[in-house]
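The block underneath contains the structure these notes are about, expressed in C-alpha cells.
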Amino acid sequence: MNGVEVTRVTGDERADYVFAVEMMDGHAYTVMLSEEYYMRLTSGKITPEKLVELSFDFLLRHEGPDSIMSEFELPTIQKYFVDYEDAIMSL
C-alpha cells in the first residue's frame with residue numbers, strides 16, 4: 001500500500017473510531033469514523049483500519065498528499081469525490 005500506516009488512537013472520544021495515519025514521506029493525518037458510516041460502507045466485512053487504508057489509497061489516486069486535509073471525518077471524502085463510496089463498496 002502506498003507507504004501509509006494506520007493506527008487506531010485510543011482514548012479519543014471525538015468519534016467511534018479515530019486513527020492516526022502516517023505516510024513514509026512524513027505526512028500525517030487524523031481520521032475520524034463513525035460506526036454507522038463504517039457499517040454502511042463495509043457491512044463489517046473489513047476492519048475499520050482497512051477501510052481507512054483503502055480510503056487513503058483512493059485519495060492518493062486522486063490527489064497528492066499535500067492536498068489531503070490534516071484532520072477530517074471519513075464521509076468528507078464523498079463531498080469532494082462523488083465516486084468514493086461506490087468505489088469502496090465495490091471492493
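Structure above, values below:
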| item | result |
| --- | --- |
| Subset of the stretch 41-58 (residues that are over 13 Å from VAL21 (Cα atoms) and in a helix (DSSP H, G or I)) | LEU41, THR42, PHE58 |
| Any hit, the stretch 20-40, residues being surrounded by 18 or more Cβ atoms within 10 Å (Cβ to Cβ), in a helix (DSSP H, G or I), at pLDDT 95 or above and not acidic (Asp, Glu) | yes |
| Per-region count, the stretch 1-52, residues of a type in the set (Asp, Glu) and in contact with a helix residue (DSSP H, G or I) (Cβ under 8 Å, 6 or more places away or on another chain) | 2 |
| Subset of the stretch 20-48 [of a type outside the set (Val, Ile, Thr) and over 22 Å from ASP86 (Cα atoms)] | ALA20, GLU22, MET23, MET24, ASP25, GLY26, HIS27, ALA28, TYR29 |
| Flag if ASP25 is in contact with a Pro (Cβ under 7 Å, 6 or more places away or on another chain) and not hydroxyl-bearing (Ser, Thr, Tyr) | yes |
| Filtered residues of the stretch 54-91 (kept if small (Gly, Ala, Ser), within 19 Å of MET32 (Cα to Cα) and exposed (fewer than 15 other Cβ atoms within 10 Å of the Cβ)) | SER67, SER70 |
| Residues within the stretch 59-74 that are without any contact (Cβ under 8 Å) to a residue 40 or more places away in the chain and either closer than 17 Å to VAL18 by Cα or of a type in the set (A, V, I, L, M) (or both), tallied | 1 |
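The values are calculated or read from the model by the stated rules, or taken from the named source; none is laboratory data. Keep in mind that what you see is a predicted model, and the values were worked out from it rather than measured. Note: ideal-geometry Cβ built from the backbone for every residue, glycine included; neighbour counts use all protein chains shown.
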